Amino acid sequence: MNIGQASKASGVSTKMIRYYDEIGLVRPASRTGSNYREYDDKQINELRFIKRARSLGFAVAEIQQLLSLWRDRARPSREVKAIAERHLADLDARIAEMQAMADTLRHLSHGCAGDDRPDCPILEDLTEGHETA
């Protein structure tokens with residue numbers, strides 16, 4: 001199938017398919033006599049794999065590792081689990097950071113009257129550059 005059909009079948013935009021091809025994330029598609037890319041079912045499955053991995057927040061380098069492990073049917077699952085656990089730890093850390101930001105903004109917003117007066121603890125905090133909550 002051509003790139004448009006591959007895009008529709010995989011749910012990955014043609015622009016991203018070209019990008020993944022350019023960076024070597026996917027195996028190069030075969031070419032027709034008129035130099036159009038042709039994709040088979042195996043490549044469509046890889047594109048779906050990449051799309052799902054991206055939806056879980058894996059970075060391109062992590063997806064490259066996961067794809068390599070997925071293609072290697074003799075691989076130990078502990079390697080896959082290690083990648084997933086590192087990613088999960090990173091997600092947990094980012095969630096904690098975002099929760100702290102939300103708590104700080106909630107505290108600052110609660111302290112702001114939100115009226116016609118010019119004084120505002122939110123702007124004061126941004127100006128002073130210190131952490132509140």
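The values are calculated or read from the model by the stated rules, or taken from the named source; none is laboratory data. Every value quoted in this text rests on a predicted model; they were computed, and no experiment measured them. All Cβ positions, glycine included, derive from the backbone under ideal geometry; neighbour counts span all protein chains shown.
Count of region 106-128 residues, restricted to those that are without any contact (Cβ under 8 Å) to a residue 12 or more places away in the chain and part of a helix (DSSP H, G or I), is 7.
Looking only at region 52-86, residues that are farther than 12 Å from Val26 by Cα, basic (Lys, Arg) and surrounded by 12 or more Cβ atoms within 10 Å (Cβ to Cβ) come to 3 in all. In region 54-69, the residues that are outside the structural domain of Leu88 (by TED's automatic domain parsing) form Cβ pairs under 9 Å with partners that are in a loop (DSSP other than H, G, I, E, B) and of a type in the set (A, V, I, L, M), at six or more places apart or across chains, as follows: Arg54/Val12; Val60/Ile23; Val60/Leu25; Ile63/Leu25; Gln64/Ile23; Gln64/Leu25; Leu67/Leu25; Leu67/Val26. Within region 90-105, can you find the residues that are aliphatic (A, V, I, L, M) and either free of Cβ contacts under 8 Å to residues at least 24 places away in the same chain or exposed (fewer than 11 other Cβ atoms within 10 Å of the Cβ) (or both)? Residues satisfying the conditions are Ala93, Ile95, Ala96, Met98, Met101, Ala102, Leu105. Against the list (1) modelled with pLDDT of 95 or more; (2) crowded, with 17+ Cβ neighbours inside 10 Å; (3) of a type outside the set (A, V, I, L, M, F, W, C), the condition Arg37 fails is (1). Please pick out the residue among Ile17, Ile44 that is in contact (Cβ under 8 Å) with a residue 40 or more places away in the chain and either in a helix (DSSP H, G or I) or more than 22 Å from the chain's Cα centre (by Cα) (or both). That would be Ile44, the only listed residue that is in contact (Cβ under 8 Å) with a residue 40 or more places away in the chain and either in a helix (DSSP H, G or I) or more than 22 Å from the chain's Cα centre (by Cα) (or both).
His87 falls short of the stated requirement of being touching a residue at least 12 places away in the same chain (Cβ under 8 Å) and more than 28 Å from Met16 (Cβ to Cβ).
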